[in-house]
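All remarks here apply to the structure that follows.
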Amino acid sequence: METVPQAVWRWKIAAYLFLAGTGAGAVIVGVVGDFLGYELAAKIAMGFGVPAVALSTVFLIMDLGRPAKFLTAMRHPGTSWISRGVFIISALLVSGGLMVALWVWPFGGVLEAHADLRVTLEILCLIFAVVTCTYTGILIGIVISRPFWNNPLLPILFLISAISTGIGGVFFITPLVFSVLGISSPKTGEFVTRLESVDLVLLVVEAMAIYLYLAMVSDRAPEAAGLLLKGKLSGLFWGGFLGAGLAIPVVIEITSLVMHESALQSSAPLVAGVFLLAGGFLMRLLILAAGIRSPLILRTPIRVRPGF
Amino acid sequence: MPRWGMVIDLLKCIGCYGCQMSCKAENATPPGVTLARVEVTEIGSYPNVTRVNLPLLCMQCNEPPCERVCPTKATQIREDGIVFVEEEKCIGCKYCMIACPYGARYFVEDTHAYFGEQGLTPYEKAGYAEHGKGVVQKCDYCRHRIDAGLAQGLTPGVDREATPACVTNCMAKARYFGDLEDPNSEVSQLVARAQAFQLSPEFGTDPNTHYLPAGRLVVAAEPANVVHKKG
């Protein structure tokens, strides 16, 4: 019988996981960027990341059967990771929202004047962003009857991918901001160049993590692994995620690093960003779809004809 | 306080789908929702293969993963062990469907008519009105029958009116229902047998629904896989 992909949580949840991860990843990039002194780049990353996280919740709410009641999802934080997630994302949206409002736009001056408050907020943003990227791996990872997800590497994989897609978002948005505002900044170009080398490392680590992950789960979840490697989802997995989402950005980033002193001299980051974002979405979609239920074990003694 | 439980004898089940149909009739579930269902499967490997009719419903777990993950506390456990959804509280996040190892939960986005263009039949209109839309439904051992029966002084598992519809309508009498806290009840006696087993207990769910095996000549016991049709 052909294995049927998981069909309870579909593209809307994948879009949520992707946007929340990408947004939180961009927030991480922004905070680290500001700590390293790349102020403009950090503002762009924050200005992109926080709205992306906000948008992600729209997909989450859209997936509900009764969207109007979404706030009641906070009722069971004792055991439900959805309830905990509501608190985690709210915390990121509040701290990130304050960063955007008081530093990026529109009251930019407030945090320029209060450096200590800015650092405090940034540390909070960093913590909540990391938790936002990782808790979703726990959310589905605790489901023991779906062995493809039931793996401690999943939150780490989500974190790596979130930072990489966050970098992808910064790659994509920075040239657009510059062309719309008609500005240029060599310092930001330097930051994007550094991000290219960081992302190159991340992508290699991600590829190794995916390999390790599949090796770890293929024993307990052979149907799910088969679904990705040679079943219904294999085209999207090999061509879409590994090819377009991992290999192409690697090639573009290497080329850009070799050819140009500053990444923003070419459109390489913009193109790499598109592929990184597409790959990040595909990864969430594929991991969700591969989360099929474990077969039920029927401890039934079977008839054996003696002497047969 | 009783703890309701069910025993399904796989050797007696003839795969007539009577439980599935009587459940639909009793609970007026819309198309696509089969709170009680039968899956036909093969177990064992050549040459020792057996076809098994596997009736499934909510296992009414003592440790239900669905209840733990529910973010709104819509899924609750009654004192008598029945796991149910308080539809008013359900927001339709479907996390319980992700968590349930038995595929016993169904998301009802909208209630479609069984007979297409003719619209809802009077029976569908009356039945669907009792359930909300955009919520998750599950088997609750026909708790409305149990509660009504107890109020009349009847005994669930003994008196037909107080027993889940799938049990009363099983023509092979493959289903038993009763109080697992009472050591003298029929279900307790059956569960005490060595062959009785719970479905996939390794998920830590400790179901109140038990099974008796499909074979009796026990020479070799071999765990076998049941592949689900649903994703």
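For peptide B:190-197, the mean count of partner chain Cβ atoms within 10 Å of a residue's Cβ comes to 1. Ranked by the mean number of other Cβ atoms within 10 Å of their residues, highest first, the peptides B:72-84, A:102-114, A:163-175 come out as A:163-175, B:72-84, A:102-114.
For chain A, compute Rg over Rh where Rg is the Cα radius of gyration and Rh is the Kirkwood radius from the inverse mean 1/r over Cα pairs. With Rh from the inverse mean 1/r over Cα pairs, Rg/Rh is 1.04. Per residue of A:138-150, other chain Cβ atoms within 10 Å of the residue Cβ number 3 on average. Considering every alpha-carbon pair of chain B, the percent of pairs per 5 Å bin, from zero through the bin containing the longest distance, is 1, 6, 13, 18, 20, 18, 12, 7, 3, 1, 0, 0. Taking the DSSP bridge list for the stretch B:4-212 and keeping only pairs wholly inside it, about 80 percent are antiparallel. Helix B:18-27 against the longest principal axis of chain B: what's the angle in degrees, Cα atoms only, rounded to the nearest 10? Around 30 degrees separate the two axes. Ordering B:170-176, A:217-223, A:289-295 by mean Cβ neighbour count within 10 Å, with the highest value first, yields A:289-295, B:170-176, A:217-223. Based on C-alpha pairs under 8 angstrom that are at least 6 apart in sequence, the stretch A:11-289 has a relative contact order of 23 percent. Peptide packing: for B:45-51, A:80-86, B:199-205, the average count of neighbouring Cβ atoms within 10 Å per residue gives the ranking A:80-86, B:199-205, B:45-51, highest mean first.
Put simply, the C-alpha atoms of the protein assembly as shown give a gyration tensor, and the ellipsoid matching it has half-axes of 52, 26, 19 Å, longest first. Measure out, as a whole number of angstrom, how far apart the alpha-carbon centroids of the stretch B:1-23 and the stretch B:200-215 sit. Centre-to-centre distance over Cα atoms comes out at 13 Å. Only Lys, Arg, Asp and Glu carry charge here, each on its Cβ (+1 for the first two, -1 for the last two); on that basis chain A has a dipole of about 1700 debye about its Cα centre.
Give the separation of the Cα centroids, the stretch A:43-84 to the stretch A:197-236, in Å. Here the answer is 27 Å between Cα centres. By the rule of a second cysteine Cβ within less than 4.7 angstrom, the protein assembly as shown holds isolated cysteines at A:Cys125, A:Cys133, B:Cys13, B:Cys16, B:Cys23, B:Cys61, B:Cys70, B:Cys90, B:Cys93, B:Cys100, B:Cys142, B:Cys170. Expressed as a whole percent, the proportion of Cα-Cα pairs in the stretch B:1-100 lying more than 19 Å apart is 57%. Taking every alpha-carbon pair under 8 Å whose residues sit at least 6 apart, the stretch B:4-212 reaches a relative contact order of 30 percent.
Residue by residue along B:83-94, Cβ atoms of other protein chains within 10 Å of the local Cβ number 4 on average. Helix A:11-35 and the long axis of chain A differ in direction by around 40°, with both axes built from C-alpha atoms.
Our note on the geometry: Cα centres of the stretch B:88-128 and the stretch A:145-181, 36 Å apart. Put a plus charge on the Cβ of each Lys and Arg, a minus charge on the Cβ of each Asp and Glu, and nothing anywhere else: the dipole of the stretch B:131-181 about its Cα centre is then about 300 debye.
Charging the Cβ of each Asp and Glu at -1 and of each Lys and Arg at +1, and nothing else, the dipole of the protein assembly as shown about its Cα centre rounds to 1120 debye.
Only the coordinates and a few stated rules stand behind these numbers; no lab work does. All figures in this text were calculated on a predicted structure; none of them were measured in a lab. Positions of Cβ are backbone-derived with ideal geometry, glycine not excepted, and every protein chain shown enters the neighbour counts.
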